[in-house]
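Q: Questions regarding the structure given below will be posed in turn.
The values are calculated or read from the model by the stated rules, or taken from the named source; none is laboratory data. Quick caveat, the model's predicted, so the values are computed rather than measured. Heads up, the Cβs are rebuilt from the backbone with ideal geometry, glycines too, and the neighbour counts pull from every protein chain shown. Accessible surface areas use protein heavy atoms only, side chains included; no ligands, DNA or RNA. Shrake-Rupley method; radii C 1.70, N 1.55, O 1.52, S 1.80 Å.
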Amino acid sequence: MSSTTETIPTYDVVVIGAGFAGIYLVHKLRDDLGLDVKVFERGGGIGGTWYWNRYPGARCDFESDYYSFSFNDEIQQEWDWTERYAPQPEILRYANYVADKLDVRGNIELNTTVTRAVFDEASDTWTVSTDTGVSARARYLISATGILSVPSTPKFADMDSFKGEIYHTGDWPHEGVDFTGKRVGVIGTGSSAIQSIPLMAEQADQLTVFQRTATFTVPAANRPITENERKATKRSYKQLREQARRAGTGVLVDQPVGAFGEVEERIVRGELERRWRGTGFGTTSVLSDNLRSIEANNYTSQFVRDKINEIVDDPAVAKLLEPHDYPIGTKRLALDTNYYDTYNRENVKLVSVRDTPIERFSPAGIVVGDTEYEFDAIVLATGFDAATGALERIQFEGVDGRTLTDAWAEGAKSYLGLAVEGFPNFFTVTGPGCPAILTNVIASIEHHVEWIADYITYMRAEGITRFEATPDAQAEWVKHVADMAAMTLYPTAASWYMGANVPGKPRVFLAYIGGLHNYRDRCDQLAADGYVGFAHASDGAPLKSEQLTVGA
Ligand code: NA7
């Protein structure tokens, strides 16, 4: 084994991913802290999940007035959202507008996938390798790889034999797909399918949906934003953002009317009807104990099932669409535009693969039991290896060469969803164990970026060159996250929140359910107390030398 001396570009911070988190990190750390920041991004453009998820009907499920950055008033005053829930092209334009406004592009290297990151204990730095051969070294490594960034594709038998086109909603062709005159099969009925099926049905000759688990979905009540509404929002943004910061989900929501059985049914019913017509996620928070009491949950669930039966003409199809496998809200609630109505179309067929799974693909299509369904195109709306997928695809080597995959063999473990024991100087923006997946993720991103910036400022002021979550703090947090989840109905569902959608993935509830507001308070308090739960050291070599000896 020989060794060579290579010059590796050295930065203060290397960031992985140029979605909303990566964009804000560059601005915050470069412009407010004066740090040298380098971002590596796998995609050919910025925007993260909004760069890849270009399927028809893709849009955010939190109102755009909130699903947007709050840290810069000029940005929120300048940008005009056109719809209550902006469509994907508009969100991607917004990400690009923000990137230009903040002039961050020069810090971002596109088309570059980070493959490996190794911590060097002598210098308290990370060395990052990429698939293009470019390397970088930095004191701090920050993953901004997103929660839903690695599409999950089930291994159906004989998939390669299919002669038509196969698409995944999470990796949609940039030029779009024209299904006119085509026979199309869709596998999956999660949020992506629910958003895209009504639009694909309008175009395709025939659309066949393969449903394993019926999903609860409620009307998005999406609509254009009027000029007057836009002006009013812009005038009150300061207060709206402040209120959203103090909310559990990072958006303003209608309050529950009370607990099940404690409020007159007439009132509960009336409120469910009102929210069904226009408040999106609000339908599941009419009852304060909806996610803790199965009786309360059954009441809300049945309300939605009744709606399905009112909308869908064919009682047999309505029956199949009725979700019965999990309590409403314990898998991600979908918001839709005309989803259930779509099953009244003559060219749309629903096939349940709950009891008889898809057996295999064939050259002509999909085989289920004795039936072969013939297609020109198949759409996989089969979701993501959520929260941990993107991180586990990179070989992180921490203290003593231990990999993140090893550290997470029994399930993701982190301190606050921000740091992992054994991986010093490494931050995970919206990592597993924080509230992000249950919130307006942009609010969670802003919180993490600002908290990380404060922590780095603190460390630099104190001369600290190395931080690391302590084993005790991490164990206590992991237990707290699990204990909180166990008090609810969440763990009863086979959801991606639990890692249950990826075969072989350990079942661990991946989110802190205590709410973003409480989580923020906790993070602020432990920071004020000197970053409780983190160990610090100050003996790393100064980050001046660009020479590093690497094995060859
Ligand atoms: P989801 O919500 O994970 O949905 C994936 C869908 O694919 C779901 O209906 C799955 O059924 C189905 N699926 C997965 N594997 C199979 C197989 N082997 N056979 C049949 N059906 C299958 O992903 P989305 O992309 O829709 O949404 C992800 C998030 O994006 C969403 O929660 C929002 O936060 C935005 P299952 O339910 O597992 O039985």
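Q: Enumerate the whole-percent occupancy of each 10 Å bin, from 0 to the last occupied one, for all C-alpha pair distances of the chain.
A: Here the calculated profile for the chain is 3, 17, 27, 26, 17, 7, 2, 0.
Q: Take the alpha carbon gyration tensor of region 54-122, find the square roots of its eigenvalues, order them as a ≥ b ≥ c, and report rounded if a/c is under 1.5; if not, report prolate when a/b exceeds b/c, else oblate.
A: prolate
Q: Still on this model: Could you give the spread of the C-alpha atoms of region 386-510 along their three principal axes, from largest to smallest, in whole angstroms?
A: Sorted from largest, the Cα extents of region 386-510 read 47, 33, 25 Å.
Q: Mind checking the dipole of the chain: about its Cα centre, +1 per Lys or Arg Cβ, -1 per Asp or Glu Cβ, Debye to the nearest 20?
A: Taking the Cα centre of the chain as origin, the dipole is about 440 debye.
Q: Taking square-rooted eigenvalues a ≥ b ≥ c of the alpha carbon gyration tensor, is region 6-72 rounded, prolate or oblate, where a/c under 1.5 means rounded and, failing that, a/b exceeding b/c means prolate?
A: Oblate, because a/c is 1.5 or more while a/b does not exceed b/c.
Q: Still on this structure, please answer the following. Can you compute the modelled spin-label distance between Thr492 and His174, with each label point 7 Å from Cα toward Cβ, in nm?
A: 4.6
Q: Let me ask something else. Students often forget the sequence filter, so: which aspartates and glutamates lie under 17 Å Cα-Cα from Lys155 once same-chain residues fewer than 8 apart are removed?
A: Straight-line reach from Lys155, under 17 Å: Glu165, Asp171, Glu359, Asp385.
Q: Something else: If the chain between Ala528 and Asp32 were fully stretched, how many nm would it gain, using 0.36 nm times the residue separation less the Cα-Cα distance?
A: Extra length available between Ala528 and Asp32 comes to 176.6 nm.
Q: Sticking with this structure for a sec: Please compute the alpha carbon radius of gyration of region 190-256, then divide it by the globular-protein estimate 2.2 N^0.38 Å. Two decimals is fine.
A: Ratio of Rg to 2.2 N^0.38 Å for region 190-256: 1.65.
Q: Moving on to the next point. On full extension of the chain, what length is gained from Leu110 through Met159, given 0.36 nm per residue of separation minus the C-alpha to C-alpha distance?
A: Details: separation 49, 0.36 × 49 = 17.64 nm, distance 3.10 nm.
Between Leu110 and Met159, full extension yields an extra 14.5 nm.
Q: Another one. Would you be so kind as to identify which of Ala99, Ala473, Ile294 lies farthest towards the positive end of the dipole of the chain, taking Lys and Arg as +1 and Asp and Glu as -1 on Cβ and the Cα centre as origin?
A: Ile294
Q: Another question, then. Given points 7 Å out from each Cα along the Cα-Cβ axis, report the Lys349 to Glu273 separation in nanometres with one decimal.
A: For the pair Lys349/Glu273, the computed spacing is 3.9 nm.
Q: I would also like to ask the following. Please give the direction-averaged projected area of the C-alpha convex hull for region 136-198, in square nanometres with one decimal.
A: If I average the Cα hull's projected area over directions, I get 7.4 nm².
Q: If only Cα atoms are counted, what is the Rg of region 12-149, and what is its Dmax, in Å?
A: 15.8, 53
Q: Report the relative contact order of the chain, percent, no decimals, based on alpha-carbon pairs under 8 angstrom and at least 6 residues apart.
A: Relative contact order for the chain comes out at 22 percent.
Q: Kindly provide the Kirkwood hydrodynamic radius of region 117-221 in Å, to one decimal, from all pairs of distinct alpha carbon atoms.
A: Every distinct Cα pair counted, the radius reaches 17.8 Å.
Q: Related question: Around Tyr167, with a cut-off of 13 angstrom between Cβ atoms, what is the net charge of the other residues, counting Lys and Arg +1 and Asp and Glu -1? Each step should come with its number before you reach the end.
A: Details: positive: Arg54, Lys182; negative: Glu165, Asp171, Glu175, Asp178, Asp376.
For residues surrounding Tyr167, the net value is -3.
Q: Then there's this: Hey, can you find the accessible area per residue of region 110-231 for me, probe 1.4 Å, expressed in square angstrom?
A: Per residue, region 110-231 has 41 Å² of solvent-accessible surface.
Q: Now, a different point. Counting pairs of alpha carbon atoms under 8 Å apart in space and at least six apart in sequence, what relative contact order in percent does region 1-78 give?
A: 25
Q: How much of the accessible area of the chain, probe 1.4 Å, is carbon plus sulfur, in whole percent?
A: Roughly 48 percent of what the probe reaches on the chain is carbon or sulfur.
Q: With θ set to phi - 60°, apply the Karplus curve 6.51 cos²θ - 1.76 cosθ + 1.60 along region 516-524 and write out the HN-Hα couplings as whole Hz, x wherever there is a Gly or Pro.
A: 5, 5, 5, 5, 4, 4, 5, 4, 5
Q: Let me ask something else about it. Using a cut-off of 14 Å between beta-carbons, work out the net charge of the residues near Leu526 (Lys and Arg +1, Asp and Glu -1, Leu526 not included).
A: On the way: positive: Arg520, Arg522; negative: Asp454, Asp472, Glu476, Asp521, Asp524, Asp529.
So the surrounding residues net to -4.
Q: Give, to the nearest whole percent, the P(r) tail of region 327-371 beyond 16 angstrom, counting all Cα pairs.
A: Details: 617 of 990 pairs.
Tail of P(r) above 16 Å: 62 percent of Cα pairs.
Q: Please work out the average accessible area per residue across region 469-522, using the 1.4 Å probe convention, and give it in Å².
A: Using a 1.4 Å probe on heavy atoms only, each residue of region 469-522 averages 45 Å².
Q: Right, another one. Between His480 and Ala500, what is 0.36 nm times their sequence separation minus the Cα-Cα distance? Round to one decimal in nm.
A: Separation in residues times 0.36 nm, less the Cα-Cα distance, equals 5.2 nm.
Q: Once both axes come from the Cα atoms, what is the angle between helix 191-203 and the longest principal axis of the chain, in degrees from 0 to 90, rounded to 10?
A: Here the helix axis deviates by roughly 50 degrees.
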